[in-house]
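In what follows, a structure is listed as structure tokens, so that the remarks can point back to it.
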Amino acid sequence: MTEPVIGKLKTSPIVTRYPGNPILSHKDVPYPATLVFNAGVTKFQGRYVMVFRNDVGRWDDTNFDGTNLGLAFSDDGIEWQVQPKPCMTRDKAAELTGASYANRGSEVIVRGYDPRLTVIDGRCYMCFAVDTMHGIRGGIAVTDDFENFELLSLTSPDNRNMVLFPEKVSGKYVRLERPFPVYSRGGAETFDLWISDSPDMKYWGNCDLVLGVEDVPFSNGKIGPGAPPIKTDKGWLTLFHATDVDPSRGKNGWEARWQKRYTIGVMLLDLEDPRKLIGMSKQPLMAPEAPYETEGGFRNNVLFPGGMILENDGEVKIYYGAADTVECLATADVDDLLALCL
Ligand code: BMA
């Protein structure tokens, strides 16, 4: 199936990139680190917390040795202190997720990655992707100290990019997610954004489609959740990622044939019924433009939002991975973000 090419895309003028970007890269990490990106960020126990993805390998080499999740703290959300050790190694992820299928010796975990953090009732929940030899699963774990994690649920394959709402809605926990139905949707890499809820974080159901690729004019590929929703008086504001493919782009990064672009979209969901889309911007909120987004990375032209923090003065901090290589920050005013959606 040949999808129309999307063409040039621009970042909305309401967004300001932090001039000191990237805010975190492999240079800041005191253990082997290569690609430091796609972090989950939240405010927890009086400070900013970041859990970042660290793919470890050699620069310019597409064979990686492994992936772990690093931990960093900050007092201002800008300057980060990376902790001496990763908070989730492959072994720890295997141990954590292995518990639910202890009798399935063949279910080997390959890696846990793409963490998303949400604080609910004073505990920090982490959604993450788990690659296994039988497919990609979405995990949810809870922690109070980023040392001890308790696994609460794992989806069946293939699902990922899950994010949790920061409070129960109508008595249920709610998550956005992105299943990968490979036999449908024309067999193309066309995947949509879904919602489900749970009474206890363990059993998830009541799945519904929230946003289809066809609703997003700047995507001809797949879309999915990005930063966990923040509550505003107009609705749940959240960021999603959207891809488009242009075969003429050719090789674009160290990876041999990288032709996708990842942009960031913004949408607003109903406060009482988050299955209802109130509005979304028909243009991307952010598209790759800055040099650290478009040049010299592993996969250039990838922006992947993973965290959004609403400050008391209405500033929204947007954390995003750039080029699958570094972690960056941008800001926007909450009213401007809402106006884009409405
Ligand atoms: C997705 C995930 C993301 C990554 C993106 C682009 O499948 O692996 O972490 O940013 O691809 O490589």
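Of all residues in the range 46-92, count the ones that are of a type in the set (F, W, Y) and at pLDDT 95 or above.
Residues of the range 46-92 that are of a type in the set (F, W, Y), as a first pass: 48, 52, 59, 64, 73, 80.
Filter once more, so that each one left must be at pLDDT 95 or above: 48, 52, 73, 80.
Counting residues in the range 46-92 that are of a type in the set (F, W, Y) and at pLDDT 95 or above gives 4.
Among the residues of the range 302-337, those that are of a type in the set (D, E, K, R) and more than 13 Å from the ligand (Cβ to nearest atom) comprise E311, D313, E315, K317, D333, D335, D336.
Quick grid of which residues meet (1) open to solvent by 10 Å² or more (accessible area, probe 1.4 Å); (2) free of Cβ contacts under 8 Å to residues at least 12 places away in the same chain; (3) not aliphatic (A, V, I, L, M):
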position	(1), (2), (3)
T155	yes, no, yes
R160	yes, no, yes
L164	no, no, no
G171	yes, no, yes
G205	yes, yes, yes
E214	yes, yes, yes
G226	no, no, yes
L237	no, no, no
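Would you call N103 within 16 Å of the ligand (Cβ to nearest atom), of a type in the set (S, T, N, Q) and either under 21 Å from P305 (Cα atoms) or at pLDDT below 95 (or both)? The answer is no for N103.
Just so you know, in the range 282-301 the residues that are in contact with a Ser or Thr (Cβ under 7 Å, 6 or more places away or on another chain) and under 20 Å from P4 (Cα atoms) include one that is farthest from the ligand (Cβ to nearest atom), and it is Q283.
Which residues, taken from the range 25-82, are within 16 Å of the ligand (Cβ to nearest atom) and among the aromatic types (F, W, Y)? Within the range 25-82, F37, F52, F64 qualify. Taking (1) open to solvent by 10 Å² or more (accessible area, probe 1.4 Å); (2) under 24 Å from V82 (Cβ atoms) in turn, Q283 satisfies each apart from (2). Pairing each residue of the range 3-32 that is among the hydrophobic types (A, V, I, L, M, F, W, C) with any residue that is in a loop (DSSP other than H, G, I, E, B), provided the two are 6+ apart or on different chains, yields C-beta distances under 6 Å for V5/D246; I6/F218; I6/N220; L9/F218; L9/P284; L9/A287; L24/W80.
Does G122 qualify as being out of contact with any Lys or Arg (no Cβ under 7 Å at 6 or more places or on another chain), within 12 Å of T97 (Cα to Cα) and either surrounded by 24 or more Cβ atoms within 10 Å (Cβ to Cβ) or free of Cβ contacts under 8 Å to residues at least 12 places away in the same chain (or both)? Please lay out each step first, then the result.
Working: out of contact with any Lys or Arg (no Cβ under 7 Å at 6 or more places or on another chain): yes; within 12 Å of T97 (Cα to Cα): no; either surrounded by 24 or more Cβ atoms within 10 Å (Cβ to Cβ) or free of Cβ contacts under 8 Å to residues at least 12 places away in the same chain (or both): yes.
For G122, the condition - out of contact with any Lys or Arg (no Cβ under 7 Å at 6 or more places or on another chain), within 12 Å of T97 (Cα to Cα) and either surrounded by 24 or more Cβ atoms within 10 Å (Cβ to Cβ) or free of Cβ contacts under 8 Å to residues at least 12 places away in the same chain (or both) - is not met.
Of the residues in the range 189-220, how many are touching a Phe, Trp or Tyr at 6+ places or on another chain (Cβ under 9 Å) and farther than 14 Å from I264 by Cβ?
In the first step, residues of the range 189-220 are kept if they are touching a Phe, Trp or Tyr at 6+ places or on another chain (Cβ under 9 Å); the result is 189, 191, 193, 196-201, 204, 207-211, 213, 216.
Next cut, farther than 14 Å from I264 by Cβ only: 189, 191, 196-201, 204, 207-210, 213.
Adding up the residues that qualify gives 14.
Of all residues in the range 312-333, those being open to solvent by 20 Å² or more (accessible area, probe 1.4 Å) and in contact (Cβ under 8 Å) with a residue 24 or more places away in the chain number 2. Could you pull out every one of the strands (runs of 3 or more DSSP E) wholly within the range 184-266 that has 3 or more residues that are within 16 Å of the ligand (Cβ to nearest atom)? Result: 223-232, 235-245.
Can you pull out the strands (runs of 3 or more DSSP E) entirely within the range 276-322 that have at least 2 residues that are of a type in the set (V, I, T)?
Working: elements: 277-280, 303-310, 315-322.
Of the strands (runs of 3 or more DSSP E) lying wholly inside the range 276-322, those with at least 2 residues that are of a type in the set (V, I, T) span 315-322.
Scanning the range 183-203 for residues that are within 26 Å of L151 (Cβ to Cβ) and either open to solvent by 50 Å² or more (accessible area, probe 1.4 Å) or β-branched (V, I, T) (or both) yields W194, I195, P199, D200, K202, Y203.
The values are calculated or read from the model by the stated rules, or taken from the named source; none is laboratory data. Not measured: the values here are computed from a predicted model. All Cβ positions, even for glycine, are placed from backbone atoms using ideal geometry, and neighbour counts span all protein chains on display. Areas reflect the complete protein model, heavy atoms only, side chains present, ligands, DNA and RNA absent. Shrake-Rupley method; radii C 1.70, N 1.55, O 1.52, S 1.80 Å.
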